[in-house]
Amino acid sequence: MRIDVITLFPEFIAQSAALGVVGRAQERGLLDLHGWNPRDHAEGNYRRVDDRPFGGGPGMVMLIEPLRAALAAARAADPTPAPLIYLSPQGRPLTQARVRELAALPRMILLCGRYEGVDERFLAAEVDEEISLGDYVLSGGELGAAVIVDAVTRLQEGALNDAESAVQDSFEGDGLLDCPHYSQPASHALGEVPEVLRSGNHAAIARWRRQQSLLRTALRRPDLLDEAGLGKVDRKLLDEARKEP
Ligand SMILES: NC(=O)c1ccc(NCc2cccc(O)c2)nc1
């Protein structure tokens, strides 16, 4: 998958993608990441990329022309069609379902706004989709871009090894929250590891983990539970867990 990121801070995207799974995916050729800085395409001595908003008010707005030039450069670099996705609080909240759809694309171009945002005429003319990470305001869209790069790269074939993809599947596969995890020591001043996890009974362990995921989702995110569309077995597991003291 190719991802182009239009940002005033390309080094931020490159550094955040150099680590761990995403860094390894780049080495394996599973992710082809490119940054495009509008400032490299800004005219004049000061290479302006922003200016004051018409109508007054605080902050600055990103100018059309440097963005158009950066986008044109990105599209000229590779003929593969790609949606232009704008990270902003006005976008549609990102979900794992949308991540899965994005991960299936051959390419996407991410637009990171700074300041108060981008001239509306550029957004209306060029942006295909707006995505929000959540209902909060950041200094720029770069953190959102880094999240999307990470989330879609993990889903590329060959990006995760068996253990890692098992974690991915257990958590994102069924839309439930993850179960609790424990490791050494079995006994600690902070408490004991649940007996079932030390029993070696893999069916009982799988049942306990599923039950914990169901219970945790019911308690913390009942909205996800409704979407998960539970079957009879899961409902029974959850009812049993709810009755336990
Ligand atoms: N919730 C988010 O995904 C998110 C995205 C970007 C951002 N900051 C840059 C920006 C960009 C556009 C308009 C704007 O008001 C602020 N902050 C939060």
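The values are calculated or read from the model by the stated rules, or taken from the named source; none is laboratory data. Given the structure is predicted, the values throughout are model-derived calculations rather than measurements. Backbone-built Cβ (ideal geometry, glycine too); neighbour counts: all protein chains shown. The accessibility values were calculated without ligands, DNA or RNA, using every heavy atom of the protein model including side chains. Shrake-Rupley method; radii C 1.70, N 1.55, O 1.52, S 1.80 Å.
Can you name the residue in the stretch 103-138 that is more than 13 Å from TYR86 (Cα to Cα) and at pLDDT below 95 and, of all such residues, is surrounded by the fewest Cβ atoms within 10 Å (Cβ to Cβ)? Please lay out each step first, then the result.
Of the stretch 103-138, the ones more than 13 Å from TYR86 (Cα to Cα) are 103-107, 115-116, 121, 134-138.
Checking the rest, the ones that are also at pLDDT below 95 come to 115-116.
On the way: TYR115: 17, GLU116: 14.
For the stretch 103-138, the residue satisfying everything is GLU116.
Do we find that ALA74 is more than 9 Å from the ligand (Cβ to nearest atom), in contact (Cβ under 8 Å) with a residue 12 or more places away in the chain and either under 29 Å from GLU227 (Cα atoms) or touching a helix residue (DSSP H, G or I) at 6+ places or on another chain (Cβ under 8 Å) (or both) in this structure? In short, no.
Results for (1) surrounded by fewer than 18 Cβ atoms within 10 Å (Cβ to Cβ); (2) closer than 12 Å to VAL5 by Cα; (3) in contact with a helix residue (DSSP H, G or I) (Cβ under 8 Å, 6 or more places away or on another chain); (4) basic (Lys, Arg), shown as yes or no for each residue.
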position: MET62; (1), (2), (3), (4): no, no, yes, no
position: LEU67; (1), (2), (3), (4): no, yes, yes, no
position: ASP78; (1), (2), (3), (4): yes, no, no, no
position: PRO81; (1), (2), (3), (4): yes, no, no, no
position: TYR86; (1), (2), (3), (4): no, yes, yes, no
position: GLN90; (1), (2), (3), (4): yes, no, no, no
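Filtering the stretch 97-121 to residues that are within 16 Å of the ligand (Cβ to nearest atom), in contact (Cβ under 8 Å) with a residue 24 or more places away in the chain and part of a helix (DSSP H, G or I) leaves ARG98, VAL99, LEU102, ARG121.
When the helices (runs of 4 or more DSSP H) confined to the stretch 157-237 are screened for residues that are at pLDDT 95 or above, those reaching at least 3 such residues are found at 202-220.
Every condition in (1) within 16 Å of the ligand (Cβ to nearest atom); (2) more than 30 Å from ARG28 (Cα to Cα) holds for ASP150 except the one numbered (2). Scanning the stretch 39-52 for any residue that is more than 22 Å from the chain's Cα centre (by Cα), among the small types (Gly, Ala, Ser) and open to solvent by 50 Å² or more (accessible area, probe 1.4 Å) turns up at least one such residue.
Could you say whether any residue in the stretch 36-54 is farther than 24 Å from ALA151 by Cα, touching a strand residue (DSSP E or B) at 6+ places or on another chain (Cβ under 8 Å) and in a strand (DSSP E or B)?
The first filter runs over the stretch 36-54 and keeps only residues farther than 24 Å from ALA151 by Cα, leaving 38-54.
Among the residues that remain, those that are also touching a strand residue (DSSP E or B) at 6+ places or on another chain (Cβ under 8 Å) are: 38, 49-53.
In the following step, the residues that additionally are in a strand (DSSP E or B) were identified as 50-51.
Yes, that holds for at least one residue.
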